[in-house]
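The structure under discussion appears below in the form of structure tokens.
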Amino acid sequence: MLFRSIDAVGLPKWTKEEDQWARDFQKSLDLPVTGLATQRITGNRPQSFASNDSGDVTWNVPTGLLSIPSAVPGVGAHNWRAGVTPTLSLSHKGQVAGAKVLAASLLDMLTEPETLAKAKAELDAQLKQSPYFSFLPDDAKPDLNLNKEMMERYRPEMTKFYLNKKANFK
């Protein structure tokens with residue numbers, strides 16, 4: 001369903017300047033210089049060791065993974081390099097395309113009961129092969145104050161690096 005919506009919406013259309021910026025950024029980071037993505041990712045998502053908030057959700061409700069280009073290929077997440085592109089037009093274009101794909105897919109689920117039923121049947125079949133169980137004990141509680149002292153100490157210094165400009169998307 002997501003692929004059908006991606007095909008209907010289309011991927012972002014990059015300008016020559018956006019693609020050249022991405023190529024220059026990749027080069028400056030010693031990454032393969034490929035420019036911005038122009039084709040959708042196909043195939044199934046492989047099982048992985050990553051931990052995230054959707055992990056337990058995917059075992060309980062049908063879930064799709066939406067991947068729309070909105071960053072420079074090859075630049076890993078969770079570091080300063082990844083923080084560069086969200087302020088650029090190329091990121092905004094990807095976010096808008098992704099929002100349209102989500103809206104189209106939601107409309108399909110609401111207007112095509114057979115699509116939702118098929119997704120639920122696929123999940124049920126997967127759960128019969130690999131039943132769900134939580135790795136956390138039932139009485140596990142998160143330590144909400146784990147880094148409180150450190151954050152209180154360093155937050156004033158961190159504020160000097162906050163972005164004090166409003167993003168202007170054109």
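The values are calculated or read from the model by the stated rules, or taken from the named source; none is laboratory data. Because the structure is a prediction, the values reported are computed rather than measured. All Cβ positions, even for glycine, are placed from backbone atoms using ideal geometry, and neighbour counts span all protein chains on display. These accessible areas exclude ligands, DNA and RNA; they are computed on the full protein's heavy atoms, side chains included. Shrake-Rupley method; radii C 1.70, N 1.55, O 1.52, S 1.80 Å.
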Discussion item. With the requirement that a residue be crowded, with 16+ Cβ neighbours inside 10 Å and among the hydrophobic types (A, V, I, L, M, F, W, C), what does segment 3-32 give you?
Written reply: 6, 9, 11, 14, 21, 22, 25, 31
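Here is a list: 52, 60, 44. Which entry is open to solvent by 100 Å² or more (accessible area, probe 1.4 Å), within 23 Å of the chain's Cα centre (by Cα) and modelled with pLDDT under 85?
44
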Worksheet item: Looking at segment 82-89, is at least one residue at pLDDT 90 or above and either closer than 23 Å to residue 4 by Cα or in contact with a Pro (Cβ under 8 Å, 6 or more places away or on another chain) (or both)?
Response: no
